[in-house]
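Below is one structure; the comments refer to it alone.
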Amino acid sequence: DLNVLDAETYFQIIDLSLQNNVYDIMLLVNQTLAKGFDGGQLVNGLAAHLRNVMMAKDERTVDMLQVSAQMKERFKQQAQKCSAPFLYRALRILNNCDVNYRASSNKRLLVELTLIEVAQITQPEVPGSGRKPYALKTLFKLFTNRKQSGQVSPADVKQVSVAAEKVKQTTETEQVKE
């Protein structure tokens, strides 16, 4: 079928994502789209690929893959490189892209941002890098959930305030160094 992207592209995108190699991913995406493939096809195919990688992580589920023995082996090899949290987060990110794809006014940008986000999953958080401050975000969610249920304590408020101040100081320090 001429409308099916080959598996090698998906293997490459995941390998590049694990290396946090955004630029090579963007080049690969550009080549793929230039061949006439739709960004939605790319995202959905990559999600199906990641599902197969996830199934290949466990001997009990590897037989669920409906591929040749050679392809099962390739999936198993890639599964060894991928942590379960990476697979879960990447699948969630790709699913969100799929949900928003039809309504997007700039589909290519949505696909590119999605793949950038996947490539950043394994990248360590660096203060001032422009990446999401996950520790603060987690505290904020906890605070918001407790506030909605009426269970906010003064200690919760202080914990969120201290974390926010640390992020602010770190960001200011990074800006001064630049």
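Only the coordinates and a few stated rules stand behind these numbers; no lab work does. Please read these numbers as outputs of a predicted model, since none were measured by experiment. Backbone-built Cβ (ideal geometry, glycine too); neighbour counts: all protein chains shown.
What percent do you get for the relative contact order of the stretch 1-123 when only Cα pairs under 8 Å and 6+ apart count? In percent, rounded to a whole number, it is 36.
Share of pairwise Cα-Cα distances greater than 12 Å in the stretch 45-89 is 53 percent (whole percent). Short-range pairs are left out: with C-alpha atoms under 8 Å and at least six residues apart, the relative contact order of the stretch 52-108 is 30 percent. Fully extending the segment from Asn95 to Ala7, taken as 0.36 nm per residue of separation minus the present Cα-Cα distance, adds 29.8 nm. Direction-averaged projected area, Cα convex hull, the stretch 1-54: 3.6 nm², rounded to one decimal. Label separation (Glu73 vs Gln41): 3.0 nm, computed from points 7 Å beyond Cα along the C-beta direction. Provide the FRET efficiency to the nearest 0.05 for the Gln19-Ala103 pair, computing r from the beta carbons and using R0 = 22 Å. That gives a FRET efficiency of 0.10. For the stretch 1-70, averaging the sequence separation of C-alpha pairs within contact (under 8 Å, six or more residues apart) and dividing by the residue count gives a relative contact order of 27 percent. Annotation for Glu59 and Lys81: the two label points, set 7 Å from Cα along the Cα-Cβ direction, are 2.4 nm apart.
Compactness of the stretch 1-94, taken as the C-alpha radius of gyration over 2.2 N^0.38 Å, stands at 1.06.
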